[in-house]
Amino acid sequence: VEFASDYNPKGYIGWQTTADKGYWFNGCASLKTVILPTTSTHTYIGSKTFNSCTSLEEIVIPSCFTSIGEAAFEKCTALTELTSPEGCTTLGNCVAKNAGIKKLTLPTTLTTLNGSENFWGCPMEEIVGLGDTQLTSIPKYCFRGYTNYKGETLVLPNTLETIGHQCLADMGKD
C-alpha cells in the first residue's frame, strides 16, 4: 500500500493529527509493504494500526510522524527492521511486542517510551541509536527477551534517570 503525498484521509483512520482511533489495518495478514505519506498533516500512527499484520515486511515512516501509538506493530512477525524517523518523540506501550524485529533504529529526538513491554519478545540482534536518544526512563520489560542480541555493549542515553524492572532481562541469552 502506498499513499500519495497529498492523500488526506478523513474519519476512521490509522494515522491522525488528533484523536487516536487506530486499528486501520489490524489483522491484515496479506499486507506486505506500507509507505506512509510525507505530508506534514499526518503526525501519529494510531494504536494497533498494523497489529497482527503477520506478512508485513517493510514500513516506510517519514519524519513528519512524531508519535507511534500503542501496539502499532505488535505481532508483526515478518517485520525484521523498524526505523523510527528523526522527529519522532514518542513510542507507545507494546509498540512492537512479539514482532519479528531484528534491527531497531531509534531517533535522537526520542524522549518517551510509554507503558511497558515496548519491544518484549522481538528476536533483536541490534539496537541503533539508543545512546543518542533523549530518554529519561526506560520502562519495565521494554527490551526483555532479546535472546538473539549480538552486541557486546549497549550504550544507554546520558539523559537516563530510571530503568524499569527487568527491562533488559534475558538479553543475549541462548
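The values are calculated or read from the model by the stated rules, or taken from the named source; none is laboratory data. Bear in mind the structure is a predicted one, so any value in this text is a computation, not a measurement. As a convention, Cβ positions derive from the backbone with ideal geometry for all residues, glycine included, and neighbour counts pool all protein chains shown. Protein only, heavy atoms only, side chains kept; ligands, DNA and RNA dropped before computing areas. Shrake-Rupley method; radii C 1.70, N 1.55, O 1.52, S 1.80 Å.
Mind checking which residues of the range 79-92 are surrounded by fewer than 21 Cβ atoms within 10 Å (Cβ to Cβ) and either hydroxyl-bearing (Ser, Thr, Tyr) or in contact (Cβ under 8 Å) with a residue 40 or more places away in the chain (or both)?
Correct list: Thr80, Thr83, Thr89, Thr90.
Return yes or no: is Glu70 at pLDDT below 95 and either within 12 Å of the chain's Cα centre (by Cα) or β-branched (Val, Ile, Thr) (or both)? Yes, satisfied. Can you find, within the range 43-55, the residue that is most open to solvent (accessible area, probe 1.4 Å) among those that are in contact with a strand residue (DSSP E or B) (Cβ under 8 Å, 6 or more places away or on another chain) and polar (S, T, N, Q)? Among those that are in contact with a strand residue (DSSP E or B) (Cβ under 8 Å, 6 or more places away or on another chain) and polar (S, T, N, Q), it is Thr43.
Within the range 127-161, the residues that satisfy the criterion of being of a type in the set (S, T, N, Q) and at pLDDT 95 or above are Thr133, Gln134, Thr136, Ser137, Asn158, Thr159.
Yes/no per residue for (1) modelled with pLDDT of 95 or more; (2) out of contact with any strand residue (DSSP E or B) (no Cβ under 7 Å at 6 or more places or on another chain):
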{"residue": "Gly11", "(1), (2)": "no, yes"}
{"residue": "Ala19", "(1), (2)": "no, yes"}
{"residue": "Cys28", "(1), (2)": "no, yes"}
{"residue": "Thr41", "(1), (2)": "no, yes"}
{"residue": "Glu74", "(1), (2)": "yes, yes"}
{"residue": "Glu86", "(1), (2)": "yes, yes"}
{"residue": "Val95", "(1), (2)": "yes, no"}
{"residue": "Trp120", "(1), (2)": "no, yes"}
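Checked across the range 85-102, the condition of being outside any loop (DSSP other than H, G, I, E, B) and farther than 20 Å from Leu56 by Cα holds for at least one residue.
Somewhere in the range 148-170, is a residue within 14 Å of the chain's Cα centre (by Cα) and surrounded by 15 or more Cβ atoms within 10 Å (Cβ to Cβ)? So far as the range 148-170 goes, no, none of its residues is within 14 Å of the chain's Cα centre (by Cα) and surrounded by 15 or more Cβ atoms within 10 Å (Cβ to Cβ). Just to be sure I understand, how many residues within the range 96-143 are on the phi > 0 side of the Ramachandran plot and either open to solvent by 50 Å² or more (accessible area, probe 1.4 Å) or in contact with a Gly (Cβ under 9 Å, 6 or more places away or on another chain) (or both)? Qualifying residue count for the region: 4. Residues of the range 56-78 that are open to solvent by less than 10 Å² (accessible area, probe 1.4 Å) and part of a strand (DSSP E or B): Ile68 alone.
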